[in-house]
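Below you'll find the structure, written out as structure tokens, and then a few comments.
The values are calculated or read from the model by the stated rules, or taken from the named source; none is laboratory data. Everything quoted here is computed from the prediction, not taken from an experiment. Note that each Cβ is placed from the backbone with ideal geometry, even for glycine, and that neighbours are counted across all protein chains shown.
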Ligand code: UDP
């Protein structure tokens, strides 16, 4: 079996990766399953930084739909990502994977503040680093946070792990005959207005030539295969 093609990855997980049935809340069982998947990739000798969303707990736009102030609603979303980060750290540590959480909004009593070089040092020392609180700014998403942090830590690839196994020409839930793309250029992905990754994140990756892989987190071995450079999901680059 070949070694990893990508030595340092930024793994973007939607908050729903931690959710129990119904897509809401944090399921400790699910966290353990997720941690086991991450551990398997780590054991391939890959350095892993993680950005996790909060769709299982709170999305800013849900508050805005009820006339909340956007910045306040988004701050709540960022705080929710920290809860997910702590749940995932706990699950990883229970499996014996040394893990640090750093947050873009300081909350020193529970996590380190995000310090770029320190995050890189953790990775070099073999620790998983979970980067919580998004970018620290409202009006952004955790996809954009993932793209930004991927650049900052010099990740080789951004892996967006979802429950869909790649980018489709149409929503496969709506049209089961929709075609899946194995490869897309950044421009093609932007023109398609792909829902699976927001356009700010896409254009940031395009401007800095960071390859993106969209894959189904729960497909057996999908992460391992992606890290080995095998075709899995959809590769967006060029
Ligand atoms: N958020 C934000 N700034 C950021 C990242 C996230 O304001 O840099 C807020 C925003 O309200 C968002 C919520 O946090 O809706 C949760 O993140 P996201 O929607 O990206 O979670 P996911 O869909 O990946 O679970």
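The table for this structure:
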quantity: Of the criteria (1) within 13 Å of the ligand (Cβ to nearest atom); (2) in contact (Cβ under 8 Å) with a residue 24 or more places away in the chain, which one residue 95 fails; calculated: (1)
quantity: Residue, modelled with the lowest pLDDT, within region 3-32, restricted to residues that are more than 12 Å from the chain's Cα centre (by Cα) and closer than 22 Å to residue 123 by Cα; calculated: 3
quantity: Yes/no for residue 139 being on the phi > 0 side of the Ramachandran plot and either buried (at least 18 other Cβ atoms within 10 Å of the Cβ) or within 11 Å of the ligand (Cβ to nearest atom) (or both); calculated: yes
quantity: Residue 34 being within 15 Å of the ligand (Cβ to nearest atom), in a strand (DSSP E or B) and in contact with a helix residue (DSSP H, G or I) (Cβ under 7 Å, 6 or more places away or on another chain); calculated: no
quantity: Of all residues making up region 152-164, the number that are at pLDDT 95 or above, surrounded by fewer than 21 Cβ atoms within 10 Å (Cβ to Cβ) and out of contact with any helix residue (DSSP H, G or I) (no Cβ under 7 Å at 6 or more places or on another chain); calculated: 2
quantity: Which listed residue, of 223, 131, 148, 215, is buried (at least 17 other Cβ atoms within 10 Å of the Cβ), at pLDDT 95 or above and farther than 27 Å from residue 21 by Cα; calculated: 148
quantity: Residue 4 vs. criteria farther than 22 Å from residue 150 by Cα, away from the ligand (no atom under 16 Å from the Cβ) and either out of contact with any strand residue (DSSP E or B) (no Cβ under 7 Å at 6 or more places or on another chain) or in contact (Cβ under 8 Å) with a residue 60 or more places away in the chain (or both); calculated: no
quantity: Of all residues making up region 175-196, the number that are part of a loop (DSSP other than H, G, I, E, B) and modelled with pLDDT under 95; calculated: 9
quantity: Among residues of region 89-98, those that are in contact with a helix residue (DSSP H, G or I) (Cβ under 7 Å, 6 or more places away or on another chain) and part of a loop (DSSP other than H, G, I, E, B), counted; calculated: 2
quantity: Pair list, Cβ under 6 Å, 6 or more apart: region 193-212 residue more than 13 Å from the ligand (Cβ to nearest atom), other residue modelled with pLDDT of 95 or more and in a loop (DSSP other than H, G, I, E, B); calculated: 211/237
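Quick grid of which residues meet (1) within 15 Å of the ligand (Cβ to nearest atom); (2) over 18 Å from the mean Cα position of the chain (by Cα); (3) free of Cβ contacts under 8 Å to residues at least 24 places away in the same chain; (4) not in a loop (DSSP other than H, G, I, E, B):
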{"site": "50", "(1), (2), (3), (4)": "yes, no, no, yes"}
{"site": "57", "(1), (2), (3), (4)": "yes, no, no, no"}
{"site": "100", "(1), (2), (3), (4)": "no, no, no, yes"}
{"site": "110", "(1), (2), (3), (4)": "no, yes, no, no"}
{"site": "119", "(1), (2), (3), (4)": "no, no, no, yes"}
{"site": "123", "(1), (2), (3), (4)": "no, no, no, yes"}
{"site": "129", "(1), (2), (3), (4)": "no, no, no, yes"}
{"site": "147", "(1), (2), (3), (4)": "yes, no, no, yes"}
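This table checks each residue for (1) free of Cβ contacts under 8 Å to residues at least 40 places away in the same chain; (2) within 25 Å of residue 109 (Cβ to Cβ); (3) in a helix (DSSP H, G or I); (4) more than 8 Å from the ligand (Cβ to nearest atom).
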residue	(1), (2), (3), (4)
22	yes, no, no, yes
30	yes, no, yes, yes
38	no, no, yes, yes
68	yes, no, no, yes
76	yes, yes, yes, no
81	no, yes, yes, no
87	no, yes, yes, yes
